[in-house]
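First the structure, in the form of structure tokens, and then the observations on it.
The values are calculated or read from the model by the stated rules, or taken from the named source; none is laboratory data. Not measured: the values here are computed from a predicted model. Neighbour counts run over all protein chains shown; Cβ positions are idealised from the backbone, glycine included.
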Amino acid sequence: MKIVAVVNQKGGVAKTTTTANLGACLAARGYRTLLIDLDPQANLTLGLGIEWYALECSLNHVLLDPDEVPLKNILHQIADLPLYLAPGHLDLAHAEAMLMPRPDSAYRLRNSLEDLFKEETFDWVFIDCPPSLGTLTQNAIVASSHLLIPTEPKFYAFAGMDTLNKMIVGLTKGLRFRIELLGVLLTMYERGTRLHQTIAEEIRERFGDKVFQTVIYKNVRLSESEVEGMPIILFDRRATGAQNYEQLAEEILNRATG
């Protein structure tokens, strides 16, 4: 089992889109996949057709009181796939503030996952992180075996990766855990844009074979599928976005088994 934090402190780089669609592509291949919406915006939850504001319990309850609300109690199956969602909620922002002074604040999600895995088996877990390096993102990183870093080929998204790397180094030393970089993913790529080509080349030069060969091109059908509350492969399998994420799933499986 691989637990993957989808993380970048820069917002708008397709973390949520990648979490939803990569997870769906793996589930469509028969892999039992869990998605965790750790972002207080709860866009992953809404984008998969679940109204967070109508839920009795969501991830904020799990983090604050796991004995009362264990993770297994909030899971929702998506479509007819072996794809499950731990939904987010606006109140995750409040939960983060409540967790900060607690000595085990960075381990809450990890402990909840360990309890879940005593009863449920998953092949892949993907955690959609907020665009910050606060307690919620720390929870995701500490709980994970791997990182997946989506980045738009623009200067500010690329520059933010340095800060992220420094935080991860600090966490791994201070909290004594190991994590590997599964890969850097170029997203929202526009064909024929010189700026995108230049920064993409710079990213590939710096991270080498850790950068996925697959590129996620800018595709309006991806946004339309989120409005309809379903992954792109269920909304329009012929769309460029669907083909991109199918290719990414194949590349990730090859990396995981290679």
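Could you pull out the residue among Glu250, Glu226, Glu180 that is buried (at least 16 other Cβ atoms within 10 Å of the Cβ), of a type in the set (D, E, K, R) and either in contact with a strand residue (DSSP E or B) (Cβ under 7 Å, 6 or more places away or on another chain) or under 30 Å from Leu83 (Cα atoms) (or both)?
Criteria check complete, one pass: Glu226.
Results for (1) surrounded by fewer than 18 Cβ atoms within 10 Å (Cβ to Cβ); (2) more than 17 Å from Ser144 (Cβ to Cβ); (3) among the aliphatic types (A, V, I, L, M), shown as yes or no for each residue.
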position: Asp80; (1), (2), (3): yes, yes, no
position: Ala86; (1), (2), (3): no, no, yes
position: Leu92; (1), (2), (3): no, yes, yes
position: Pro103; (1), (2), (3): yes, yes, no
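Condition first: in contact with a strand residue (DSSP E or B) (Cβ under 7 Å, 6 or more places away or on another chain) and either at pLDDT 85 or above or among the aromatic types (Phe, Trp, Tyr) (or both). Can you find one or more residues in segment 158-174 that meet it?
Yes, because at least one residue in segment 158-174 is in contact with a strand residue (DSSP E or B) (Cβ under 7 Å, 6 or more places away or on another chain) and either at pLDDT 85 or above or among the aromatic types (Phe, Trp, Tyr) (or both).
May I ask you to list pairs of residues, at least six apart or on different chains, whose Cβ atoms are under 6 Å apart, with the first in segment 34-53 being under 15 Å from Ile232 (Cβ atoms) and the second being assigned to a strand (DSSP E or B)?
Qualifying pairs under 6 Å: Leu35/Leu85; Leu35/Phe126; Leu44/Asp37; Leu44/Asp128; Leu48/Leu85.
Please count how many residues of segment 5-19 are of a type outside the set (Lys, Arg), outside any loop (DSSP other than H, G, I, E, B), in contact with a strand residue (DSSP E or B) (Cβ under 7 Å, 6 or more places away or on another chain) and farther than 18 Å from Arg255 by Cα.
Matching residues across segment 5-19 total 1.
For Gln77, only one of the following conditions fails: (1) in contact (Cβ under 8 Å) with a residue 24 or more places away in the chain; (2) under 20 Å from Phe122 (Cα atoms). What is its number?
The single condition Gln77 does not satisfy is (1).
More than 18 Å from the chain's Cα centre (by Cα), of a type in the set (A, V, I, L, M, F, W, C) and within 21 Å of Ala27 (Cβ to Cβ) - does that describe any residue in segment 205-220?
Within segment 205-220 (the criterion being more than 18 Å from the chain's Cα centre (by Cα), of a type in the set (A, V, I, L, M, F, W, C) and within 21 Å of Ala27 (Cβ to Cβ)), the answer is no, since none of the residues qualifies.
What is the residue count in segment 3-56 for residues that are touching a helix residue (DSSP H, G or I) at 6+ places or on another chain (Cβ under 7 Å) and at pLDDT below 95?
Looking only at that region, the number is 6.
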